[in-house]
Amino acid sequence: MLTLKQLNYALAVEKTLHFKKAAEVCNVSQSALSTAINELERQLGVMIFERNNKQVLVTDEGLPILAKAKQIKIEVDELMQLTRANKAPLSQPMTFGVIPTIGPYLLPKVLPEIRKQHPGFKLKIVEDQSHVLVDKLRSGEIDAAILAMPYAIDGLMRFDFWQEDFYWITHKDEGSDTQQEISSDELEVEKLMLLKDGHCLKDHALAACSLQSRQQNSDFDSTSLYTLIQMVAGRLGTTLVPQMALAPLINNQSELRAVHLNEPGPHRVISLVIRPNYVRANEITLIKRLFTDTLNA
């Protein structure tokens, strides 16, 4: 008879492509994991993995089996959570994913309020780029993802809790001290520094300025808004940051100015994203309301 343990072991091997590492993830010996995988393959009559002393590969026959195993794991996890549905809200742990351009600016505001209102709630945070978090969400590794929209989340549900515009950050010695607004046509694109490709904030900033086909400053390849701000302070260029990050990034930078980007907004929307059949959706709604109230306080 197939067991959940066998399926979990197989999914660990798929993720690590290494039997020893998979055994460490599952907290079992390598021989125990190998025996379970061999028994699973024998019962199914299919080789799920091709392995030798140097590498592990998923076979073509193994791909649909592992895809089904992921679905089974999610459904079993949700079945277990159903037994907790009648307990007090937020009495059970959750794992949220958050992107780097949101986490450092949102979490210090909302986590203290969560702890205040629900002191027993345990929330684990995983920070990564949007595409990684969407994959983790689909596979059941996280309960929800905090993402910036627009972003492709086909088949998933979103709960919007914040919307904001971008601000142009420049050195105070450049331009007019009285300038309150700037349009995309007024930006010197050759001086504009944005995050490296792969960060959705860059895509949102380009879309807000209609700059997809124009070339911004490519001398720097940063993964951090803080680094971009330091570059602006060093008079190496200008950048765009979202409203949520404005105060934490420039409040202690007296040499910088922030000017509102005068383009149709909101320039990005922040959402909690979950699987459509997630059994704790009512608690996500509660958290979404708490986020909104805290940010608007």
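The values are calculated or read from the model by the stated rules, or taken from the named source; none is laboratory data. Just so we're clear, the structure is a prediction, and the values are computed from it rather than from any experiment. Backbone-built Cβ (ideal geometry, glycine too); neighbour counts: all protein chains shown. What goes into the accessible areas is simple: the full protein's heavy atoms, side chains included, and nothing from ligands, DNA or RNA. Shrake-Rupley method; radii C 1.70, N 1.55, O 1.52, S 1.80 Å.
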Legend entry - Derived scalar couplings ³J(HN,Hα) [region 120-132; Karplus, 6.51 cos²θ - 1.76 cosθ + 1.60; whole Hz; x for Gly, Pro]: x, 6, 9, 10, 9, 10, 10, 9, 6, 6, 4, 5, 5
Inset, instruction - Provide the net charge surrounding K172, with neighbours chosen by a C-beta distance below 10 Å and charges set as Lys +1, Arg +1, Asp -1, Glu -1. - result: -3
Inset, instruction - Kindly state, to the nearest 0.05, the FRET efficiency for L295 paired with E190, given R0 = 35 Å and r defined as their beta-carbon distance. - result: 0.50
Inset, instruction - Rounded to the nearest 0.05, what FRET efficiency do Q81 and A207 give with R0 = 30 Å and r taken as the Cβ-Cβ distance? Could you check? - result: 0.25
Legend entry - For I102, net neighbour charge (Lys/Arg +1, Asp/Glu -1) across residues whose Cβ lies under 12 Å away: -1
Inset, instruction - Taking only Cα atoms and a 10 Å spring cutoff, compute GNM fluctuations for the chain and point out the largest among Q55, Q30, Q180. - result: Q55
Legend entry - Most to least accessible of D173, D160 (protein chains only, probe 1.4 Å): D173, D160
Inset, instruction - Any chance you could list the semi-axes, whole Å, largest first, of the equivalent ellipsoid that the Cα gyration tensor gives for region 68-196, using √(5λ)? - result: 39, 19, 11
Legend entry - Among H204, G62, T294 - extreme Cα towards positive end, dipole of the chain, charges at beta-carbon: G62
Legend entry - Fraction in percent of alpha-carbon pairs per bin - 5 Å, the chain: 1, 5, 10, 13, 13, 12, 11, 10, 9, 7, 5, 3, 1, 0, 0
Legend entry - Per DSSP, loop trypsin sites (Lys or Arg not before Pro) in region 3-108 with at most 11 further Cβ within 10 Å: K54, K87
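Need one number: % antiparallel among DSSP beta bridges in region 1-146, to the nearest 5.
Among the beta bridges of region 1-146, antiparallel pairing accounts for roughly 25 percent.
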Inset, instruction - On a 0 to 90° scale, report how tilted helix 30-44 is relative to the longest principal axis of the chain, with both axes built from alpha carbons and the result rounded to the nearest 10. - result: 70
Legend entry - Calculated [θ] (222 nm, deg cm²/dmol) that DSSP helices of n ≥ 4 give over the chain, each run adding -39,500 (n - 2.57): -13000 deg cm²/dmol
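Using the Cα atoms of region 1-72 to build a convex hull, what is its mean projected area in square nanometres? Before the final figure, lay out the partial values.
Working: hull surface 17.2 nm².
Mean projected area of the Cα convex hull: 4.3 nm².
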Inset, instruction - Once you've got the Cα coordinates, tell me which of K15/K202; K109/K288; K20/K68; K20/K136; K116/K136 are over 19 Å apart. - result: K15/K202; K20/K68; K20/K136; K116/K136
Legend entry - Choice from V232, V132, V28 with maximal GNM fluctuation in the chain (Cα, 10 Å cutoff): V28
Legend entry - Total charge dipole magnitude, the chain, about the Cα centre, Cβ charges on Lys, Arg, Asp, Glu only, Debye to nearest 20: 1440
Legend entry - Accessible heavy-atom area order of M231, M193, M80, highest first, probe of 1.4 Å: M80, M231, M193
Inset, instruction - Using a Förster distance of 41 angstrom, determine the FRET efficiency expected from the C-beta separation of L44 and Q253, and round it to 0.05. - result: 0.10
Inset, instruction - Determine how large the accessible area of I72 is when every protein chain is in place; take a 1.4 Å probe and give Å² rounded to the nearest 10. - result: 60
Inset, instruction - May I ask which residue of L4, T178, F159 lies farthest towards the positive end of the charge dipole of the chain, with charges of +1 (Lys, Arg) and -1 (Asp, Glu) on Cβ and the Cα centre as origin? - result: L4
Inset, instruction - Given the options L272, L201, L107, state which has the largest fluctuation in a GNM of the chain using a 10 Å cut-off (strictly under) for Cα springs. - result: L107
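Can you give the longest run of the chain that contains no GluC sites (Glu not before Pro) sitting in a DSSP loop with at most 14 other Cβ atoms inside 10 Å?
62-173
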